[in-house]
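Heads up, the thing below is written out as structure tokens.
What follows is calculated from the coordinates using simple rules that are stated; it is not laboratory data. Given the structure is predicted, the values throughout are model-derived calculations rather than measurements. Cβ: placed from backbone, ideal geometry, glycine included. Neighbour counts: every protein chain shown.
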Amino acid sequence: MAVAAVTEGAYSYHRAIDHTRGLLESLTSGSAHYIATSLHSLDNLLHDGADEFGPGQRWTADSVSRFLTRLHELPFLHDGIVVGRDGRIVAPDLTGRGAVGVDVSDREYVRYHFDHPQDDGLHIAPPVVSRVTGHRIIPVSHALKNREGAVVGVVAASLDVDYLNRILGSLNFQPDASGALVKADRTVLARVPEMPPGAPSQMPVDLAPIIAGGTFEFRHVAVAYDGKERLIGYRPISPYPLVASSTVSVKEALAGWRRGLWLTGGMALVFSLAVYGLASVADRRQHVQASLAAELSCHRQRLEQEVQVRTRDLAALAQQLSRSNEELEQFAFVASHDLREPLRMVSAYLGLLERRAGDRLDEESREFVAYARDGAVRMDALIRDLLEYCRVGRQSDPGE
């Protein structure tokens, strides 16, 4: 019985570690997908903005209005700006707050483009406080270049930190768990829960091999950033130099395993006591009835105590299962809520297509656009119904 208990304990330990690995991989993959999709939309918007407001381009009020419409249709963005060669915000004013003339030459993303003229891609800067709105933002930018390829300015937009925190919130799946979005240079862009004041702004891990590998990586770290033994999952966000990470302490990950180990040990003890009691009864048949009765009474009391211990352990396991179900329902609710964002983007881009094409669309093309929009609306309705179902499931009284 003891050997079986030890064997089962070792097996369940590895099973708990593997379960946590699978959970970290699933959560980081989902978050990486949402973030990559959002950045792809932002990348296309800023690329078009560079073409629209670059050197030599004659922008109009209509072109500015169309750009702002696209910008405001992306819920994770704040304002956009165009920066000139001297590092000041120039016309057109994409903020609507009279920001033209504000000096941003000292900002990291402005210096980066002038110092790296060969980089034509999307640049993601560390979080800053906006000088226009006062909000905490993550500047995302493209370089403006002339015909000779020289950098003459920057077009940028403000990525909403709260939007990233909502995505990373799904990684905070149990006590002592956290999620983070980190640049290749180890700068932490967002983290849930937030780091305490005075904590380092960089992750103490070399992310280059993880990004180069391109796949999920799982690590068991004996002493992590907070001095605890932790399980950590990393997922690169291709094609951007970013990594989504999720971590939970080994103590929390193995909490269920420890409870099961205590339960198994208690069962083994009960079994051993029962065998001992039977052997004692067989060996002491010749003793007087009073002595036998006293011995049996003693064993019965011990067994009752063990049963009480097992009953408490089972109640604790039931409570853990209930909490796990609630956390899974919450995750389903967050994931279903984020599914509506791509549908809004589909509807928005169909509207843009219809407005831009105008009378060039024949009747059949308009019908196709209507079918696509109707499908997006119906899918959005299905997701809303799913959200309502999740709300009912989380608000219902378990005793009913």
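Numbers at a glance
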| quantity | calculated |
| --- | --- |
| Pairwise label distance in nanometres, HIS14 with ARG323, each label 7 Å out on the Cα-Cβ vector | 2.8 |
| Loop-resident sites, the stretch 122-227, for GluC sites (Glu not before Pro), counting at most 12 other Cβ within 10 Å (DSSP) | GLU148, GLU194 |
| Rounded to whole Hz, the Karplus (6.51, -1.76, 1.60) HN-Hα couplings of the stretch 294-304, x for glycine and proline | 5, 5, 4, 4, 5, 5, 4, 5, 5, 5, 5 |
| Amide H contacts of VAL83 (H built 1.01 Å from N, under 5 Å, at least 5 apart or other chain) | VAL90, VAL154, VAL155, ALA156 |
| In the stretch 131-182, the trypsin sites (Lys or Arg not before Pro) that fall in loop regions by DSSP, at most 11 other Cβ within 10 Å | ARG147 |
| Extension gain (nm, one decimal) between ASP120 and HIS40, 0.36 nm per residue minus Cα-Cα | 27.3 nm |
| Lysines whose Cα lies under 25 Å from that of LYS251, excluding same-chain neighbours fewer than 8 positions away | LYS228 |
| The stretch 67-75 - phi-based ³J(HN,Hα) in whole Hz, Karplus 6.51/-1.76/1.60, Gly and Pro as x | 5, 5, 4, 5, 5, 6, 6, 9, x |
| Gyration tensor (alpha-carbon) shape descriptor, the stretch 99-196, a/c threshold 1.5 | prolate |
| Karplus 3J(HN,Hα) series, Hz, for the stretch 32-38 with 6.51 cos²θ - 1.76 cosθ + 1.60 (x for Gly, Pro) | 4, 5, 4, 5, 4, 4, 5 |
| Over 24 Å [Cα-Cα, the stretch 65-156], rounded percent | 15 |
| Approximate spin-label separation ALA316-ALA348, in nm, with each point projected 7 Å along Cα-to-Cβ | 4.9 |
| Two-site FRET efficiency, VAL100 against THR69, from Cβ-Cβ distance with R₀ of 25 Å, rounded to 0.05 | 0.80 |
